[in-house]
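Worksheet for the structure shown next.
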Amino acid sequence: MTSENILRGTLLDFLRKVYPEGAGYQSILSVFFQYHKIDAISASLEYLADKAYIKKIEQPHPYIQHEKLMWYKITPHGIDLNDGTIPSDPGILLQRS
């Protein structure tokens, strides 16, 4: 497994823990930037969104014109993967206890 696979699993687990709320992009970066590069975090979030394990929500910034806020929330499909009720995905390493 690669570090990207581990990061994807960690991000999915994080979003599972904050469900049903989800988390903003800046909040996710603040949690993970000490251990992972920002580009790797962004790419992993996009990968998870492309595979429909998480949902990416973009909203206009309330105070800054032409800026968007990004919010991520785990989907039911992502919850099932994280909880182990559907077959595992080879691109995501989930730490099970």
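Structure values in brief
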{"item": "Per-region count, the range 54-97, residues farther than 25 Å from Ile6 by Cα and of a type in the set (S, T, N, Q)", "result": "2"}
{"item": "Filtered residues of the range 1-25 (kept if free of Cβ contacts under 8 Å to residues at least 40 places away in the same chain, in a helix (DSSP H, G or I) and open to solvent by 60 Å² or more (accessible area, probe 1.4 Å))", "result": "Ser3, Lys17"}
{"item": "Selected residue (criterion: farthest from the chain's Cα centre (by Cα)) from residues of the range 77-97 that are closer than 13 Å to Ile54 by Cβ and open to solvent by less than 40 Å² (accessible area, probe 1.4 Å)", "result": "Asp89"}
{"item": "In the range 51-61, the residues that are under 19 Å from Glu21 (Cα atoms) and in a loop (DSSP other than H, G, I, E, B)", "result": "Ala52, Tyr53, His61"}
{"item": "Criterion: part of a loop (DSSP other than H, G, I, E, B) and exposed (fewer than 11 other Cβ atoms within 10 Å of the Cβ) - qualifying residue of His36, His66", "result": "His66"}
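The values are calculated or read from the model by the stated rules, or taken from the named source; none is laboratory data. Keep in mind it's a predicted model, so treat the numbers as computed, not measured. Every residue, glycine as well, gets a Cβ built from its backbone with ideal geometry; the counts of neighbours run over all protein chains shown. Keep in mind that these areas ignore ligands, DNA and RNA; they rest on the heavy atoms of the full protein, side chains included. Shrake-Rupley method; radii C 1.70, N 1.55, O 1.52, S 1.80 Å.
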